[in-house]
Amino acid sequence: MAVNPDTFRDALAQWPSGVTVVTTLADGNWHGMTASSFSSVSADPPLVSVCLLKGIYTHDLIATSGVFGINILAADQTELGKRFAGMIPDITDRFDGVDCHTSETGVPLFDHALAWIDCRVIFEYEGGDHTIFVGEVLDAGNPRKSAPLLYHSRSWGQFADQLPEKAAIADVGITRLETETGVELTVEKAALAAAGVAVSPAEVVVDSRDPATVEAAIAAQAKVGIDRVVLLHAFDPDRHDAVLFAASNLARGGFTEVVLDDTAADANPLVVRQRLVDISVRIKPSVTGVCLRDHAGLGLANALAALKSGVTQFDTALGGMGGLIATEDVLYLMELLNISTGASRAEAVEVAHSLARNLQLPRAVEPRPTWML
Ligand SMILES: Cc1cc2nc3c(=O)[nH]c(=O)nc-3n(C[C@H](O)[C@H](O)[C@H](O)COP(=O)(O)O)c2cc1C
């Protein structure tokens, strides 16, 4: 008994896939369509395949031209996926505003795809109402390092966020407090370290708005031997590319931990997410850390966005000193999320209280109340 067509379609819809735009040429004009049937076939020789419905325009163009390109879409390119599937009415030119280049075959290849593959058809197989085109890969590129666009059950999406199992918490406030007050806090620093919170790790500070500071830090890295760099103004919404560029250069320049500092309190969960997803992929194997501020109640929301974007290093300050997110709040969040930090929140809060008592700190820098314990 033949399978019911609807049941078959519904079953296939459960298969998750990436999304590509297959491009080709017709009399020198570009054409393209969305396809998820792309697959790798062989490494040597390099071959890929795509299955296209007989009778659609792109199918006939590829059969005639004998060339096609595969453009693998990134998570932020849903609109392109819809557009090239003919799902956006009133679009007359699917390539409008899409930056493209060509390589061996002359088919359009997206400048901002996750990856592109330039192919010449070497086999065509019958596949029922589809044709399986097998292409010999003549050239390929991987212009963007970012998360992929996914398609599942007729919905567009991306990888679900996984929370890390472990995170490391550092306190950068206590050392600044020493500088500001002139009071040595050796005992409190030792207590905080004993509580499992790293105290002001050695670092180099650079400003994302000033490329000279980035270059100077890279030039000095090998000599100074400090592995951790703090990049100021790293969440400015208007400077995405500049921050990415600075972070990538610092990682390439030898820094193994790049801390993104929300210097002007620009961060919001969306900016945090977009920036970190792009940076974390780009600077691997270096680690991305964050130094977030607690403004407009967004501190922990931003910390959660950072955790979900692959960050496991958090710079904090006891009691939220200097406007940073409070060490004890972050430790509490980690506890709730079952993320191990190796730190004791109770001991950290004890240090915060001892600081407030000993230094008679003004209300604004007092530690968080003990209701959380
Ligand atoms: C996520 C997604 C994946 C698709 N994958 C394929 C595919 O692999 N093969 C195919 O023939 N059509 C596929 N389609 C449908 C084509 O994109 C659609 O029919 C398109 O309008 C064809 O363009 P054309 O008529 O200009 O050739 C897919 C559509 C979507 C939304």
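The values are calculated or read from the model by the stated rules, or taken from the named source; none is laboratory data. Owing to the predicted nature of the structure, the values given are computational and were not obtained by experimental measurement. Here Cβ is always computed from backbone atoms with ideal geometry, including for glycine, and neighbour counts include all displayed protein chains.
Taken over segment 30-48, the criterion of being over 19 Å from Ala85 (Cβ atoms) and out of contact with any Pro (no Cβ under 9 Å at 6 or more places or on another chain) is satisfied by Val41, Ser42, Ala43, Asp44, Pro45, Pro46, Leu47, Val48. Tell me which residues, restricted to segment 69-103, are more than 11 Å from the ligand (Cβ to nearest atom) and hydroxyl-bearing (Ser, Thr, Tyr). Hits for segment 69-103 are Thr92, Thr102, Ser103.
For Ala301, are the conditions met, namely being touching a Pro at 6+ places or on another chain (Cβ under 7 Å), surrounded by fewer than 22 Cβ atoms within 10 Å (Cβ to Cβ) and not β-branched (Val, Ile, Thr)? So Ala301 fits the description; yes. Are any residues in segment 44-58 near the ligand (Cβ under 9 Å from one of its atoms) and within 35 Å of the chain's Cα centre (by Cα), and if so, which ones? Across segment 44-58, the qualifying residues are Val50, Cys51, Leu52, Leu53, Thr58. Selection over segment 228-271 of residues that are among the β-branched types (Val, Ile, Thr) and touching a Lys or Arg at 6+ places or on another chain (Cβ under 9 Å) gives a count of 5.
Among the conditions (1) without any contact (Cβ under 8 Å) to a residue 40 or more places away in the chain; (2) more than 21 Å from Asp139 (Cα to Cα); (3) near the ligand (Cβ under 9 Å from one of its atoms), the only one that Asn4 does not satisfy is (3).
Of these, Phe38, Phe110, which one is away from the ligand (no atom under 15 Å from the Cβ), assigned by TED's automatic domain parsing to the domain that holds Arg144 and crowded, with 16+ Cβ neighbours inside 10 Å? Walk me through it before giving the result.
Working: Phe38 fails: away from the ligand (no atom under 15 Å from the Cβ).
Testing whether each residue is away from the ligand (no atom under 15 Å from the Cβ), assigned by TED's automatic domain parsing to the domain that holds Arg144 and crowded, with 16+ Cβ neighbours inside 10 Å leaves just Phe110.
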